[in-house]
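*Asks:* So that we are looking at the same thing, I have put the structure below in structure tokens.
Read the figures in this text as sums done on the coordinates, not as results from a lab. From a predicted model like this one, the values you see are computed outputs, not experimental measurements. Cβ placement follows ideal geometry from the backbone for every residue including glycine, while neighbour counts extend to all protein chains displayed.
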Amino acid sequence: MKLFAYSIAFIVLWSFSVQAQHENGLVKWLDLKEAQALNKQAPKPFLIDVYTDWCGWCKHMMKTTYSNEGIANYINTYFYPVKFNAETKDTIEYNGKIYKPTSAAPKTPHELAIKFLGTSLSYPSTIFVTNNFEFNLLSQGYLDDRKIQPLLVYTVENVFKTSGYEDFAHQFDKTFFDTVTPKLVKTYSLKEIEQLQKKKPRKVLVNISAGFCNACKVQNKMTFSDTGIVNYINKHFYIMNFDAESADTILFKGEKCYKMMVNGYPFNTFAMKVTNNRLGFPTVAVLDANENFLDALNNYLSPQTLKPILVYYAEDKYKTTPWADFIKSYNEKQKK
């Protein structure tokens with residue numbers, strides 16, 4: 001089982017950013033032709049604002065959400081933002097296909113608007129599209145500052161690869177807006193784990209995160225406080241948390257690991273070593289009791305997604321059973 005997808009997004013929360021009134025917001029809007037040309041040079045996801053000239057809530061979103069300085073800066077940095085008039089009379093090329101107006105009459109939807117929205121022609125609508133056009137997420141209606149945040153993170157940090165949106169949004173909201181402090185899984189330092197291995201050998205999980213990664217924060221607070229996950233890890237694994245930006249010097253398997261430039265960013269080489277150079281954010285590295293690499297679980301993992309993976313390694317199923325066969329059997333048992 002390989003879940004690797006390397007991506008880095010330098011992310012901060014912007015809940016209390018300065019908000020100013022702007023008719024078109026602070027987002028640097030492009031048209032579809034410009035965005036697609038730029039994407040060929042430097043790939044980034046698209047944020048497509050589908051609006052009409054008569055839509056009051058579309059205008060309101062420009063003056064509020066898209067006038068939030070923090071949100072606008074984030075969008076300008078990590079997306080190609082596009083304003084698309086759903087009733088335009090222009091002929092438009094999108095992802096290699098040509099779309100035309102359905103009628104010369106006013107207030108009639110464009111073919112591309114119908115492709116994006118289907119029969120639910122509701123405005124504003126916001127579409128989040130990956131740079132390769134393989135995944136898109138449609139959100140209809142007005143999005144305030146709080147509602148748009150998980151949508152942005154879900155797209156930029158590739159959370160869509162491992163989690164459904166509704167579940168992630170719920171966990172995101174509880175992470176950043178719930179004041180309750182959950183009980184987290186018991187963690188150890190590397191030295192403590194190495195001492196424990198002498199008496200009671202277990203496999204090891206290294207939970208790797210970074211300060212810029214919001215999906216890491218969600219996983220750390222919610223997944224590793226889930227009762228089923230906590231109990232299972234405490235029984236079968238030793239787990240350590242590791243900040244990939246740590247400046248500490250760490251001795252791992254006889255080699256000194258320290259902070260240095262990795263792919264243009266300062267990371268501790270321990271994060272690279274323990275993941276067998278398969279670092280993404282977040283990542284949970286799985287090691288055997290002798291600190292040998294077994295797997296690197298990249299991208300956000302919900303409790304439901306992580307649990308069968310833990311079973312796969314804790315029960316040594318990985319030694320005899322391909323992951324595809326195991327997860328099929330596991331899911332069938334859960335349905336009974």
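*Asks:* Can you give me the C-alpha center-to-center distance between segment 279-316 and segment 203-238, rounded to a whole angstrom?
*Replies:* A separation of 10 Å, based on Cα centres.
*Asks:* Pairs of Cα atoms under 8 Å, at least six residues apart: use those to get the relative contact order of segment 190-335, whole percent. Please list the in-between numbers first.
*Replies:* Working: 202 pairs, mean separation 37.1, N = 146.
Relative CO of segment 190-335 lands at 25 percent.
*Asks:* At 7 Å along Cα-to-Cβ for each site, give me the label-to-label distance between Thr108 and Asn276 in nm.
*Replies:* In this crude label model, Thr108 to Asn276 measures out at 5.9 nm.
*Asks:* Could you tell me the convex hull volume per residue, in Å³, taken over the Cα atoms of the chain? Spell out each step's value before the answer.
*Replies:* On the way: hull volume 54.2 nm³, N = 336.
Per residue, the Cα convex hull of the chain comes to 161 Å³.
*Asks:* Against the longest principal axis of the chain, how steep is helix 227-236, in degrees 0 to 90 to the nearest 10, with axes from Cα atoms?
*Replies:* 30 degrees
*Asks:* Farthest toward the dipole's positive end in segment 190-335, which of Met222, Asn331, Thr269, given Cβ charges of +1 (Lys, Arg) and -1 (Asp, Glu) about the Cα centre?
*Replies:* Asn331
*Asks:* Now for a different question. So if we plug the beta-carbon distance of Ser246 and Ser122 into 1/(1 + (r/R0)^6) with R0 = 35 Å, what FRET efficiency do we get, rounded to 0.05?
*Replies:* Values: r = 47 Å, r/R0 = 1.33.
Given R0 = 35 Å and the Cβ-Cβ separation, E is 0.15.
*Asks:* If Lys and Arg each add +1 and Asp and Glu each add -1, what is the summed charge of the other residues whose beta carbon sits under 12 Å from the beta carbon of Val185? Don't jump to the answer; show the numbers that get you there.
*Replies:* Values: positive: Lys183, Lys186, Lys221, Lys235; negative: Asp226.
Net charge in that neighbourhood comes out at +3.
*Asks:* Where nothing but the Cβ of Lys and Arg (+1) and of Asp and Glu (-1) is charged, how large is the charge dipole of segment 32-177 around its Cα centre, in debye to the nearest 20?
*Replies:* Numbers: 15 positive and 15 negative charges, 55 e Å.
That gives a dipole near 260 debye.
*Asks:* Taking the Cα centre of segment 190-335 as origin, work out the dipole magnitude from +1 charges on Lys and Arg Cβ and -1 charges on Asp and Glu Cβ, in debye rounded to 20.
*Replies:* Values: 20 positive and 14 negative charges, 60 e Å.
With Lys and Arg at +1 and Asp and Glu at -1, about 280 debye.
*Asks:* Let me ask you something else. When a footprinting reagent is the concern and you count Cβ atoms within 10 Å, what order do Asp248, Asp173 take, fewest first?
*Replies:* Numbers: Asp248 12, Asp173 15.
Going from least to most buried by this count: Asp248, Asp173.
*Asks:* Any chance you could check the Cα centroid distance between segment 88-131 and segment 34-65 for me, in angstrom?
*Replies:* A separation of 13 Å, based on Cα centres.
*Asks:* Run down the aspartates and glutamates and flag those whose C-alpha is under 17 Å from the C-alpha of Lys307, throwing out any fewer than 8 positions away in its chain.
*Replies:* Asp167, Asp226, Asp295, Glu315, Asp316, Asp325, Glu332
*Asks:* Below 8 Å between Cα atoms, with a sequence gap of 6+, how large is the relative contact order for the chain in percent? Don't jump to the answer; show the numbers that get you there.
*Replies:* On the way: 587 pairs, mean separation 59.7, N = 336.
Relative CO of the chain lands at 18 percent.
*Asks:* Can you sort Ile208, Ile193 from fewest to most other Cβ atoms within 10 Å of each residue's own Cβ? Provide the component values of the computation, followed by the final result.
*Replies:* Numbers: Ile208 29, Ile193 21.
The fewest-first ordering by Cβ neighbours comes to Ile193, Ile208.
*Asks:* A further question on this structure: Treat each spin label as a single point 7 Å out from the Cα along the C-beta direction, and report the Phe212 to Asp167 distance in nm.
*Replies:* Placing both labels 7 Å along Cα→Cβ, they lie 2.8 nm apart.
*Asks:* I need the calculated FRET efficiency for the pair Ala42 and Lys174, taking r as the beta carbon distance and R₀ as 25 Å, to the nearest 0.05. Could the numbers behind the result be given before it?
*Replies:* Working: r = 34 Å, r/R0 = 1.37.
With R0 = 25 Å, the Cβ-Cβ based efficiency is 0.15.
*Asks:* Defining a contact as two alpha carbons under 8 Å apart and six or more residues distant in sequence, what relative contact order in percent does segment 32-177 show? All intermediate terms of the calculation are to be shown ahead of the outcome.
*Replies:* Numbers: 207 pairs, mean separation 38.2, N = 146.
Relative contact order comes out at 26 percent.
*Asks:* Hey, with R₀ at 41 Å, roughly what FRET efficiency would Lys100 and Met261 work out to, going by the Cβ-Cβ distance, to 0.05? List each step's numbers first, then the result.
*Replies:* On the way: r = 50 Å, r/R0 = 1.21.
So the FRET efficiency works out to roughly 0.25.
*Asks:* Using square roots of five times the C-alpha gyration tensor eigenvalues, list the equivalent-ellipsoid semi-axes of segment 190-335 in whole Å, biggest first. Numbers along the way, then the final one.
*Replies:* Details: eigenvalues 130, 66, 41 Å².
Working through the eigenvalues yields semi-axes of 26, 18, 14 Å.
*Asks:* Of Arg202, Arg146, how do they rank once you tally other Cβ atoms within 10 Å and put the fewest first? Kindly include the intermediate steps, with their values, before the conclusion.
*Replies:* Details: Arg202 18, Arg146 13.
Fewest-to-most ranking of Arg202, Arg146: Arg146, Arg202.
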